[in-house]
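Here the structure is laid out as structure tokens; the discussion comes afterwards.
The values are calculated or read from the model by the stated rules, or taken from the named source; none is laboratory data. Note that the structure is a prediction, hence the values are computed from the model and not measured. Cβ atoms come from the backbone with ideal geometry, glycine included; neighbour counts cover every protein chain shown. Quick note on the areas: whole protein, heavy atoms, side chains included, nothing else; ligands and nucleic acids left out. Shrake-Rupley method; radii C 1.70, N 1.55, O 1.52, S 1.80 Å.
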Amino acid sequence: MKRSLSGIQPSGILHLGNYFGAIKQFIDNQYQYEGMYFVADYHSLTSSTDPDALRKNSYDIILDYLALGLNPENSTIFLQSDVPEHTELYWILSNLTPVALMERGHSFKDKIDKGISPSMGLLSYPILMAADILIYDTDLVPVGKDQKQHLEMTRDIAIKFNEKYGENIFKLPEPIIIESLAVVPGTDGLKMSKSYGNTINMFASKKELKKQIMSIVTDSTPLEEPKNPDNNITQLYSLFATQEQLEKMKDNFIKGNYGYGHAKNELLEIILEYFKEAREKREELEKNPDYVKEVLYKGAEKARLLAKNKIIKIKKAIGLLGNRY
Ligand code: ADP
Ligand code: TRP
């Protein structure tokens, strides 16, 4: 069975972009591949420095994974920082990675352009991601389009390592990127992202969710007049609606006498309906922290066993003596 692995940074509350771009693929494929899904808490240290927020966001992502339907009996669900072999491999790989490769990172360059003064962690972020993936002999990595370059870097690093130390030490992973879901737009029409303040959060309170949906940017065409049917609302509606429902909304826009407010209410209803079960399940899980801890404990045990075996092979290949095992 092929192994699928992915992680999400606990840098904020999860949103529709994270769900459609990544988590939905984890869940849809959970019985087809062996899944390993983690919280990339070490990665989020490159941006977050608030311990309370980090703790809460990490725990929340686990609740979200479980509430959305990831089955811990099937997939390994864990925290990156519970498996120290990730950071061991990170160090090993960083010695094979040219600084220039890291400086070409889109995400690194974007942050510099925003005036962030880069840390070593931010520069070498993709090397830790490569370690996350390569330590488990991962076949497939379901992610949104913004992670494509990181996957290419992972492959470059693995190829370099294999050439230097032995052909088959690392498997070359392939991304799973679903084109139609690769970039979910936010309330302003740009890519939905925790860092742009344009998110719709599927687990927000009904009131907050409504507020987010009402803030979707539209033009000021008066109610009676026909409107462009390809707007920010229909783009989001299309993620949930059947073809028929979508056509109907678009027709209403074309005909006129249909306001953006109407459409936003329909979008709110369909989102609440789509996530009804998950929202209820999440409330139940919130009352059961012992179960959540148990999932994390078992997940860490399973992941560590695999990672430990792999790091022994890697250390041997590069000439580290080691007597720990
Ligand atoms: P954010 O940009 O909100 O910080 P992350 O970088 O934590 O999101 O992304 C977690 C996962 O969700 C990644 O696989 C990423 O590609 C995916 N993702 C994030 N935003 C979107 C989006 N707007 N559309 C599609 N996928 C997305
Ligand atoms: N960089 C990813 C993101 O921001 C998170 C991540 C860390 C990841 N390690 C990974 C994703 C390994 C896939 C595989 O979304």
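Results, tabulated for the structure shown:
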| read-out | value |
| --- | --- |
| ³J(HN,Hα) computed for each position of region 51-64 - Karplus, 6.51 cos²θ - 1.76 cosθ + 1.60, integer Hz, glycine/proline x | x, 5, 5, 4, 4, 5, 5, 5, 4, 4, 5, 4, 4, 5 |
| Isotropic mean projected area of the C-alpha convex hull, region 240-300 (nm²) | 6.2 nm² |
| The chain - percent relative contact order, Cα under 8 Å, separation 6 or more | 22 percent |
| Greater than 22 Å apart at Cα, pairs in LYS109/LYS145; LYS171/LYS315; LYS210/LYS255; LYS148/LYS276; LYS114/LYS194; LYS207/LYS227 | LYS210/LYS255; LYS148/LYS276; LYS207/LYS227 |
| Accessible surface of the chain, 1.4 Å probe, proportion on carbon and sulfur as whole % | 51 percent |
| DSSP-defined beta bridges in the chain - what % are antiparallel, rounded to 5 | 5 percent |
| Neighbour count of at most 14 Cβ within 10 Å plus DSSP loop: longest GluC sites (Glu not before Pro)-free window in the chain | 225-325 |
| Cα Rg, Dmax (largest Cα-Cα span) when computed across region 207-325, Å | 25.2, 78 |
| Residue-normalised accessible area of the chain, given per residue in Å² at a 1.4 Å probe | 51 Å² |
| Per residue Cα convex hull volume in Å³ - calculated over region 204-274 | 76 Å³ |
| 5 angstrom amide H check on PHE78, placed H, neighbours 5+ away | TYR37, PHE38, VAL39 |
| Within-10-Å neighbourhood charge of LEU14 [Cβ basis; K, R +1; D, E -1] | -1 |
| Per residue Cα convex hull volume in Å³ - calculated over the chain | 145 Å³ |
